[in-house]
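Since every read-out is calculated from the coordinates, none of them should be taken as a lab result. Note that the structure is a prediction, hence the values are computed from the model and not measured. Glycine gets a Cβ as well: all are built from the backbone with ideal geometry, and neighbour counts include every protein chain shown.
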Amino acid sequence: MELFVSTLANQTNNKKLSEFFDDFFSPTEKIMFAKRLAAAVLLAKNHDYQSIHEILRISPPTIAKLSLKIKYGGEGLKPVIEDIFKKEANQIVWKEIESLFDLPTKGNIKSPERFKRNLKREQKIREIKSEF
């Protein structure tokens with residue numbers, strides 16, 4: 001297992017890593033992996049078992065196992081979830097910074113184009129905040 005983990009950890013090229021996953025895991029295995037990770041994130045955000053079960057179609061025992069690992073261990077899972085939260089927060093920050101640089105054109109502070117961009121940006125921020 002150590003060789004497998006270190007090999008994956010040393011991959012810096014996302015395309016190469018993605019191709020490895022495509023070759024190594026079946027589509028079903030990739031889906032199950034993604035669902036478990038999504039369930040762990042939802043549990044960390046205090047979603048209830050029933051909503052996770054309905055959204056991801058994961059069995060309650062699988063959700064319970066993940067919940068126990070997060071609460072009473074999960075030394076490998078917790079840092080990954082924290083990284084996901086940081087990336088999510090960074091997306092929000094960048095969207096908000098982007099709005100600071102959306103300066104109006106000369107003499108037209110309330111242009112329709114600027115209004116549309118602001119509306120889209122605010123909607124994207126809300127989407128990012130409500131993901132998962």
Q | Ranked packing of 56-68, 12-24, 34-46, 76-88, most packed first, by mean Cβ within 10 Å | A | 34-46, 56-68, 76-88, 12-24
Q. So what are the three principal axis dimensions of the stretch 1-74 from its Cα atoms, in whole Å, longest to shortest?
A. 37, 26, 19
Q. Roughly how many debye, to the nearest 20, is the charge dipole of the stretch 1-74 about its Cα centre, given +1 on each Lys and Arg Cβ, -1 on each Asp and Glu Cβ, and no other charges?
A. 240
Q) For E29 and K45 in the same chain, what is the full-extension length gain: residue separation times 0.36 nm, less their Cα-Cα distance, in nm? A) 3.3 nm
